[in-house]
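Accompanying notes for the structure given below.
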C-alpha cells in the first residue's frame, strides 16, 4: 500500500512539472511571435462577415493613419510648456495650436476643409423671431446679400416651418423658448465667436425694410466712421426719440435736439451718442465692449442704449443714425404674448413691468460700478 501511494505522488509531480514546462514554452514562443510581428494591420484580420456588416464604418486601412505622428501616438516625450500669454486655460499648449476665436461658418462633413467655403460672409445679421412674423423676416432677409450670414433666434420653438424659405436652409437656427434677443446675444454671440464678422446686426422682428439695403448701409457706416449705428426710423411710426428720427436731407446724422431739459450736454444721450435697442448695428470692436456690459439676468436690455457710448470714443462722432437707409418700426408687441398672466394682469403687462424694473436695476449697477472703480483710485 505504501509503495502504491508513493507511485501516485510521483505521477502527480511529473504531470505538474509537464504543465509548467509547457506553459513556459508557450509564453516564450508567444513572445518571439510578438517581437517578429510588431504591427498587425487591422484590415488583415479576418472577422466574421456578420460582425463586419454591423459596423457603422469600414475598418481603417494602413493609409488611414497619419505617417507623421505626434508624441501622443508615438510615445515620445511631450515638451513641458507654459505660455502665460495664451488665453486663460490654454497655458499648457504650444501657441501654434491655440485657436482663440471661432465663427459661425457652415462647413461640410467631407472633402478638404480648405475647400469648404466658396465665400466667407463678412457680416452677421441676427433676428429674434416667432413664426407669426416669418413673412416679414423673409422680406428682411432679402435685403441682405450673400455677404451677410443670417442667424435666427427662435423664441417660440418653431424652426422647421421656416424651411419654406430657401434661404432658411443656409441660415443658422437657435431655438430656446420664451427668451429675448439680449439673452441670446449674451450666450451665443460672444466676441470670440463672432470675431470673423466686421459688423453685427441685432434686430427685432417687426421692422419694415422697404427703403433699406444692407450693402448700401454698410457703405455709409464705413464712410461716416460709425462704430455703433441704426437705420433712421420712419417719423410716423413707433417713434420715441428725436435722435433716431429719419432726416430726409442727409445720409447720416449724429446729433439732434430733444425736449427742453432732456440733455444736460449736447454730446450726451439722448441728443447724441445714442441709438435704440430695436435695430442696432455694431462694429466688431464695439461689440466686444458692449457684450461685456450686457447683464446675464437683465434680459430686456433696457437702459443699455444710454450706456453704449462707453464703448467708443469719441462717442458723439462714432455713434449715429443712417438716414438714407431707413426702416419702419411696426410696433408689434409679439414678445409680450410670451409672458404669463399673474395677479389679474395680462401677460404683456408683466413683461412691460419687468422691462422698466430692469432699466432701473441696470442704472443702479452701472452707477455702483463707477463708484467702486473711482474708490479704488482714491477719487471717490
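Some values worked out for this structure:
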read-out	value
Share antiparallel - DSSP beta bridges, the stretch 123-330, percent rounded to 5	30 percent
Efficiency of FRET between residue 195 and residue 139 - r from beta-carbon atoms, R0 30 angstrom, step 0.05	0.55
Zone of residue 224's modelled label, taken as backbone nitrogen in the stretch 276-305 under 13 Å from a point 7 Å along Cα→Cβ	281
Neighbour-count ranking [beta-carbon atoms within 10 angstrom, fewest first] of 229, 266	266, 229
Amide N proximity, the stretch 138-166 versus residue 118 label position 7 Å along Cα-to-Cβ, cut-off under 20 Å	142-151, 165-166
Residue 131 versus residue 175: modelled label distance in nm, points set 7 Å from Cα along the beta carbon direction	0.9 nm
Where labels lie 7 Å past Cα in the beta-carbon direction, separation of residue 92 and residue 167 in nm	4.6 nm
Residue 373-residue 310 pseudo-label distance in nm [points 7 Å out on the Cα-to-Cβ vector]	0.6 nm
Cβ-Cβ FRET estimate between residue 160 and residue 364, R0 fixed at 30 Å, reported to 0.05	0.10
Taking 110, 326 and counting other C-beta atoms within 10 Å, the order from fewest to most	110, 326
Where Rh is the Kirkwood radius over Cα pairs, Rg/Rh for the stretch 123-330	0.95
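Read-outs throughout are calculated quantities, based only on the coordinates presented, and are distinct from any laboratory measurement. Note that the coordinates shown come from a computational prediction; the quantities given were computed from them, not determined experimentally. Using ideal geometry, Cβ is built from the backbone for each residue, glycine included, and neighbour counts are taken over all protein chains shown.
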